[in-house]
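I have placed the structure first, in the form of structure tokens, so that the comments after it can refer back to it.
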């Protein structure tokens with residue numbers, strides 16, 4: 001509680017006590033940061049597939065739920081199968097170029113897109129039902145791929161990272177084209193509220209000094225977790241998928257401090273037929289670089305088995 005002597009010492013009609021100011025700052029920053037999870041600052045344009053020696057075509061998908069324009073790249077492969085790649089929260093499609101190159105080199109078409117509120121995609125300003133919005137967006141992208149004449153006759157797979165692994169799993173419930181395989185890299189977190197509390201601890205060291213008085217950290221953690229989970233509005237996690245025929249591979253990083261591998265594997269345990277791998281050298285979303293050869297071998301072998309090989 002605020003020290004009574006500190007309150008008594010405050011000038012009448014003047015400055016609030018330092019502890020009260022810290023609590024107010026913690027409240028403001030917690031709400032701001034929770035909103036920023038789903039609406040990060042606009043990123044500068046990043047690298048393109050051409051800078052990796054690939055050929056790409058711009059694609060745009062307008063979401064069926066609320067008409068948000070999603071910006072993407074289609075990188076044609078030898079076919080006939082296609083992998084949709086979904087980047088992590090706060091990143092853009094430029095962050096998955098190494099994965100695009102790996103998949104395309106294995107013969108797959110690749111479609112990578114910026115999530116809503118990220119990169120070159122449209123911004124929605126929404127604060128409710130974010131889980132449903134991101135899931136609906138992915139289903140719209142899957143329908144776009146299924147309708148593309150270049151992908152006819154091929155199967156569709158999804159490679160998702162961190163936050164995007166939640167909608168990648170939810171998208172399997174119903175309402176979209178059949179997905180042959182889903183790869184979840186560096187996510188999802190089994191304990192969602194616990195995940196937000198963990199994220200708040202990671203953010204705490206970056207907050208200004210005004211918010212670091214006694215009690216402010218606990219308040220920040222509680223409010224950040226409350227708003228973040230309410231905005232996400234997840235129901236029934238992890239979802240039961242008793243009838244799915246989609247093959248699943250879960251990848252955790254042994255050195256991941258953001259989404260610990262144990263949390264990822266706890267979700268994987270909900271799906272007895274799912275494959276699991278903890279990449280020994282990987283941190284968050286960088287197994288493709290830090291465990292390069294085994295990552296490539298495992299991912300391509302899994303997709304080849306699930307899709308029946310490439311052309």
Could you list, in sequence order, all residues of region 283-294 that are within 15 Å of residue 252 (Cβ to Cβ) and in contact (Cβ under 8 Å) with a residue 40 or more places away in the chain? 284, 285, 287, 288
Is it the case that some residue within region 104-123 is part of a helix (DSSP H, G or I) and closer than 22 Å to residue 305 by Cα? yes
Just the residues that are touching a strand residue (DSSP E or B) at 6+ places or on another chain (Cβ under 9 Å) and within 25 Å of residue 260 (Cα to Cα), please, taken from region 135-162. 138, 157, 158, 159, 160, 161, 162
Going through 226, 241, 219 one at a time, which residue ends up being in a helix (DSSP H, G or I) and out of contact with any helix residue (DSSP H, G or I) (no Cβ under 7 Å at 6 or more places or on another chain)? 226
Go through region 44-90 and give me each residue that's in a loop (DSSP other than H, G, I, E, B), modelled with pLDDT of 95 or more and under 19 Å from residue 299 (Cβ atoms). 54, 77, 81, 87, 88
Looking at region 266-303 only, could you name the residues that are in contact with a strand residue (DSSP E or B) (Cβ under 9 Å, 6 or more places away or on another chain) and assigned to a helix (DSSP H, G or I)? 267, 268, 287, 288, 290, 294, 295, 298, 299, 302, 303
Looking at residue 306, is it more than 20 Å from residue 192 (Cα to Cα), modelled with pLDDT of 95 or more, touching a strand residue (DSSP E or B) at 6+ places or on another chain (Cβ under 7 Å) and not in a helix (DSSP H, G or I)? no
Taking region 252-265 and the residues there that are more than 16 Å from the chain's Cα centre (by Cα) and in a helix (DSSP H, G or I), the one that is surrounded by the most Cβ atoms within 10 Å (Cβ to Cβ) would be 265
Any chance residue 122 is surrounded by fewer than 22 Cβ atoms within 10 Å (Cβ to Cβ) and within 18 Å of residue 39 (Cβ to Cβ): yes
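The values are calculated or read from the model by the stated rules, or taken from the named source; none is laboratory data. The structure presented is a predicted model; accordingly, all values stated were derived computationally and were not measured. All Cβ positions, glycine included, derive from the backbone under ideal geometry; neighbour counts span all protein chains shown.
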